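S.K.: Take a look at this one; I'll ask things after.
The values are calculated or read from the model by the stated rules, or taken from the named source; none is laboratory data. This structure is a prediction, so every number in the text was calculated from the model and none was measured. Heads up, the Cβs are rebuilt from the backbone with ideal geometry, glycines too, and the neighbour counts pull from every protein chain shown.
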Amino acid sequence: MIYPLIFIILFACELIYFRIADRFNIIDKPTKRGSHDYITIRGGGIVFWLAAVLVFLLPFSLNLLPFLIGITLISAVSFIDDIRSLPNKIRIVIHFISISCVFFGLGLFGVLSWWLITVAYIFFVGILNAYNFMDGINGITGLYSLVILIALQVVNYQIVSFAEPHFINFAIIACVVFLFFNFRKKAKCFAGDIGSMAISFWIVTLLLMLMLKTNSIVWIMFLAIYGVDTVFTIIHRIYLKQNIFEAHRLHFFQILSNEMKIPHLLVSTLYAVIQLLICGIVIFVYFYFPKIEILTSTIILIILSAVYLLKFRFFKNRKNN
C-alpha cells in the first residue's frame, strides 16, 4: 500500500529537516507565549507542507493545484516568520491570497454574494490565526488536528463523499509523523508557524469542501474547543486592555499547564478527547436528527463557554490567596 511508503518518506524528511534546522540554528526558545522552558527545534510542522506536495503527485490531484499554491504560500511566509519576524501586514496579505486560492479552486466566487465572500474571508483567516495562537504546548496541534481529520474521514466514508480519501489520509499520516517527535514530555520539535498554519489551512479547505457539499455550517463545530478558547481569550484580553497581537499566556490550556501545573500531554489529550466527543455528537445528530443540529451545536457551545469561565474563578482564588 501507498500509506506505509508515505509514512517512511515523511519520517525521513523530518529527520533531514532536523539536521538542517540544527545547522542553521532554527530553534524555539522559551517565550511568554509558549509553555515550555527548554530550547528545541522549530518548524517540525514542515511535514504538513511536504505531505501536501506528495498528495499533489497522485493521479487525481490536478484539481488540487489551487490548494497546493495556497498552502505553499502560507507555509513559505510562515517559515520565514519562524526564522525572523515578519510584519503582520505581510503575513495577513499572504493569508488572504492563500484563502483566495481555495475559494477559487472550490468555485466560491461564482456561488456566493460579495458580502458572504467578505464574511468568509474574515472568518476563515481568523480560523487560521486562531489555530496558530493555540499552538503552545506539546502535542496539542498534532492531536487536535488528528481528531478533526479522523472525524472528517468518517463523514467522508459514512455520511457524504466530499473529498478523495487520499487527500485526508495524507494529512493524517503527517500528523502521526509529527506527533512521534512532538508528543513527548520533552519534545524533539515544535510545529512552528509553518506547521500550525499549514495544517489549519488543510483543515479549513476540507471543512469548506464539506460545507459546500452538504450546504450546512454545522461542521464548524469540529473546531468548537479552539473556537471557544480563542474567542473568550480575545475578549478577556480586550477587557484587560492588552494588545491581542502580543504574546501572552491567557488561553485556557495555558492556565491549565502553567498555573495549575497539569502536564502538557494530559492537557493536549484532554482537548483532543473532548473535541472527539463533540465531533461524534455532531456526526450522530446530523445523520439521525438533522432537524436539531443547530440546537445541539448551540447547547455544546454554551456548555464549553461555561467551562471556560472557570478560568476566571481560578484567577479570583489566586488573587484571594
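S.K.: Taking the conditions exactly as written (at pLDDT below 90, part of a helix (DSSP H, G or I) and surrounded by 15 or more Cβ atoms within 10 Å (Cβ to Cβ)), does H248 satisfy them or not?
M.R.: Details: at pLDDT below 90: yes; part of a helix (DSSP H, G or I): no; surrounded by 15 or more Cβ atoms within 10 Å (Cβ to Cβ): yes.
No, not satisfied.
S.K.: Residues to consider are I2, I94; find the one that is aliphatic (A, V, I, L, M), at negative phi, out of contact with any Cys (no Cβ under 9 Å at 6 or more places or on another chain) and surrounded by fewer than 15 Cβ atoms within 10 Å (Cβ to Cβ).
M.R.: Just a single option satisfies the conditions, and that option is I2.
S.K.: Okay, next question. Restricting the first residue to the range 286-313 and requiring it to be of a type in the set (D, E), which pairs with a second residue that is surrounded by 12 or more Cβ atoms within 10 Å (Cβ to Cβ) meet a Cβ separation below 8 Å and a spacing of at least six or different chains?
M.R.: E293/S216; E293/V218; E293/V282; E293/V285; E293/Y286
S.K.: When you scan the range 81-96, do you find a residue that is among the β-branched types (V, I, T), touching a Leu at 6+ places or on another chain (Cβ under 6 Å) and closer than 15 Å to M197 by Cβ, even just one? First the steps, then the outcome.
M.R.: Going through the range 81-96, the residues among the β-branched types (V, I, T) turn out to be 83, 90, 92-94.
Okay, now just the ones that are also touching a Leu at 6+ places or on another chain (Cβ under 6 Å), so 94.
Applying the additional criterion that residues be closer than 15 Å to M197 by Cβ yields 94.
Scanning the range 81-96, I find at least one residue that is among the β-branched types (V, I, T), touching a Leu at 6+ places or on another chain (Cβ under 6 Å) and closer than 15 Å to M197 by Cβ, so the answer is yes.
S.K.: Can you tell me which residue in the range 97-111 is farthest from the chain's Cα centre (by Cα), limited to those that are surrounded by fewer than 17 Cβ atoms within 10 Å (Cβ to Cβ) and of a type outside the set (V, I, T)? I'd like the intermediate steps shown before the answer.
M.R.: Our first condition is that a residue be surrounded by fewer than 17 Cβ atoms within 10 Å (Cβ to Cβ); within the range 97-111, this holds for 97, 104, 107, 109-111.
So of that shortlist, the ones also of a type outside the set (V, I, T) come out as 104, 107, 109-110.
Details: F104: 22, G107: 23, F109: 25, G110: 28 Å.
Of everything passing the filter in the range 97-111, G110 is farthest from the chain's Cα centre (by Cα).
S.K.: Something else about it: Yes or no: I255 within 29 Å of N182 (Cα to Cα) and either within 18 Å of the chain's Cα centre (by Cα) or charged (D, E, K, R) (or both)?
M.R.: Working: within 29 Å of N182 (Cα to Cα): yes; either within 18 Å of the chain's Cα centre (by Cα) or charged (D, E, K, R) (or both): no.
So I255 does not fit the description; no.
S.K.: Select the helices (runs of 4 or more DSSP H) contained entirely in the range 40-149, then report the ones holding at least 1 residues which are charged (D, E, K, R) and in contact (Cβ under 8 Å) with a residue 40 or more places away in the chain. Reasoning before the result, please.
M.R.: Working: elements: 46-56, 65-83, 88-106, 114-133.
The helices (runs of 4 or more DSSP H) meeting that bar are 65-83.
S.K.: Looking for whichever is hydrophobic (A, V, I, L, M, F, W, C) and closer than 25 Å to A12 by Cα here; the options are L50, L62. Which one fits? Reasoning before the result, please.
M.R.: Values: L62 fails: closer than 25 Å to A12 by Cα.
So the residue among L50, L62 that is hydrophobic (A, V, I, L, M, F, W, C) and closer than 25 Å to A12 by Cα is L50.
S.K.: A further question follows. For the range 210-231, what are the residues that are surrounded by fewer than 21 Cβ atoms within 10 Å (Cβ to Cβ), outside any loop (DSSP other than H, G, I, E, B) and of a type outside the set (V, I, T)?
M.R.: Passing the criteria: M211, L212, K213, A224, G227.
S.K.: Just need a number here: residues in the range 232-245 that are surrounded by fewer than 20 Cβ atoms within 10 Å (Cβ to Cβ) and either within 20 Å of D193 (Cα to Cα) or among the small types (G, A, S) (or both).
M.R.: Step one: of the range 232-245, the residues surrounded by fewer than 20 Cβ atoms within 10 Å (Cβ to Cβ) are 232, 234-245.
This time we only want the ones that are either within 20 Å of D193 (Cα to Cα) or among the small types (G, A, S) (or both), so: 234, 243-245.
Of the residues in that region, 4 qualify.
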